[in-house]
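Student: Submitted below is the structure of interest, expressed as structure tokens.
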Amino acid sequence: MKKEKQVLFNQVKLLSEKDEAKEKEPNVGDPEKMKEPTEKKILPIDTLLFDQPLVKFFILNNSAVALTLFSPIPHSWFHAELTREDAEMLLDDYQHIPGAFLVRETTRSIHCAISFIFRRMCNHVMIHQKLERDNMKFYLHLDLKFDSIIELIEYYRQYPIITLYFSQVLTIAVPKIDAYEARPWFNYVSKMEAELMLKSDVSLDGTFLVRPSSQGFEDGKEAFAITLRANDKIHHIRIIKDREQFTIGGDTFDSLIELIYYYKYQPIYHGTKLAHPINKEILEQKNPHWHPYDSIKEPPVTVCASYDFKATGANELSFQRGALITNVEKMEGGLWIGEYKGSRGWFPASYVREIQIS
């Protein structure tokens, strides 16, 4: 066992010395020095287990040697084995937010990298590591080292990353690949609300949002819809979720984020691309007096819950008997959609009764 530990220590030391020799003064952020292979097209799901250390395997004397690189990172900004290409895809929705960032484990290296927005472009810097007195240190510059990646990130959320190319503080953490609900284009709104939002004075061709479909499910499969403004008209495009895949027309994608990213650069309807994501917060910032129900001639429906209902899916609305659910839109198939305690979602019409609010 002692011999195995010595072999492991020598391997770590060898890697550390190699890094130090190559990078006496690292070119942080140099695009030409940051290129990585990006063979994977499918976005991976983060499978990092937070109760286990992250381990890489190397071949030493024809034997596999395990090298523990760093402790697990249970933070929303950490993405396990994410390619440079896929990081740029995730950050594309945040290009208007300087410093929006994520940390990724590179697919062909023992290092991690920070990917972030600067001047509406995605930039990448490598997090280097060096063994000092049996302890691994992490750094962007050799003169400023940290005991963990978490400490490094917290530092650069207060002080800027400074290189020859930019100076930028890290700001908003970009959520993991499956967190489509956190994207600025995803809204829990009805078909009617979506149309009102896209008919507002601030909307342009290419403005869009993604929402749960008004039909709820199709053949037992969860359905979503893209509501798009094209040629000054509002269009709705169905998306079907089958297990972990999303299908639109004849095209299938491994995530909703990947689907939306694709149609940002490829026309989705008569030459129109998904250009301008919209949500209520964006509309209110552009027009403080905007309200989704200003254009509705009849007052929105309010219902009172006759029974308790517990949501079984992310798109459903939980409530207790006696709860008042507002801004209700009645849909076919026995499912309605409404708002309760700041949340909006689906619920069975048979669980509520309509009431008049004077």
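Every number in this text was worked out from the coordinates using simple rules, so none of it is lab data. Keep in mind it's a predicted model, so treat the numbers as computed, not measured. No Cβ is skipped: glycine too gets one built from the backbone with ideal geometry, and neighbour counts run over all protein chains shown.
Student: Could you give the length gained by full extension between residue 341 and residue 132, i.e. 0.36 nm per residue of separation minus their alpha carbon distance, to one decimal place? Could the numbers behind the result be given before it?
Tutor: On the way: separation 209, 0.36 × 209 = 75.24 nm, distance 5.26 nm.
That pair, residue 341 and residue 132, stretches by 70.0 nm at full extension.
Student: Label points 7 Å out from Cα along the Cβ direction at residue 275 and residue 329: separation in nm?
Tutor: Inter-label distance under the simple model: 2.5 nm.
Student: Now for a different question. Going by a ≥ b ≥ c, the root eigenvalues of the Cα gyration tensor, does segment 301-355 fall in the rounded group (a/c under 1.5), the prolate group (a/b larger than b/c) or the oblate group? Walk me through the numbers on the way to the answer.
Tutor: Values: a/c = 1.21, a/b = 1.06, b/c = 1.15.
The shape class here is rounded.
Student: Another question, if that's okay. With each pseudo-label sitting 7 Å past Cα toward Cβ, what's the residue 350-residue 172 distance in nm, one decimal?
Tutor: 4.2
Student: Can you tell me how much longer the chain between residue 75 and residue 254 gets when fully stretched, taken as 0.36 nm per residue apart minus their C-alpha distance, in nm with one decimal?
Tutor: On the way: separation 179, 0.36 × 179 = 64.44 nm, distance 2.33 nm.
Result for the pair: 62.1 nm of gain on full extension.
Student: If R0 is 45 Å, what FRET efficiency do you get for residue 85 and residue 141 from their C-beta distance, rounded to 0.05? Could the numbers behind the result be given before it?
Tutor: Numbers: r = 26 Å, r/R0 = 0.59.
Efficiency computed from Cβ-Cβ geometry: 0.95.
Student: Quick one: order 114, 234 by neighbouring beta-carbon count within 10 Å, fewest to most.
Tutor: Working: 114 24, 234 17.
Arranged by neighbour count, lowest to highest, 114, 234 become 234, 114.
Student: Something else about it: If you rank 174, 169, 303 by fewest surrounding Cβ atoms within 10 Å, what's the result?
Tutor: Details: 174 25, 169 14, 303 22.
Arranged by neighbour count, lowest to highest, 174, 169, 303 become 169, 303, 174.
Student: Would you please name the GluC sites (Glu not before Pro) within segment 219-286 that are DSSP coil residues with at most 16 other C-beta atoms within 10 Å of their C-beta? Intermediate results must be reported in sequence, preceding the final value.
Tutor: Numbers: sites: 222, 244, 258, 281, 284; in loops: 244.
Filter output for segment 219-286: 244.
Student: Between residue 236 and residue 308, what is the FRET efficiency for a Förster distance of 41 Å, r being their Cβ-Cβ separation, to the nearest 0.05? All intermediate terms of the calculation are to be shown ahead of the outcome.
Tutor: Working: r = 33 Å, r/R0 = 0.79.
So the FRET efficiency works out to roughly 0.80.
Student: Additional query: For 171, 106, what's the fewest-to-most ordering of other Cβ within 10 Å of each Cβ? Please list the in-between numbers first.
Tutor: Working: 171 14, 106 20.
Fewest-to-most ranking of 171, 106: 171, 106.
Student: Summing Lys, Arg as +1 and Asp, Glu as -1, what charge do residues with Cβ under 14 Å from the Cβ of residue 97 carry, residue 97 excluded?
Tutor: The answer is +1.
Student: Quick one: which residues, 5 or more positions from residue 268 or on another chain, have an amide H under 5 Å from its amide H? H modelled 1.01 Å from N in the peptide plane, none for Pro or chain starts.
Tutor: The list, which skips near neighbours in sequence, is 273, 274.
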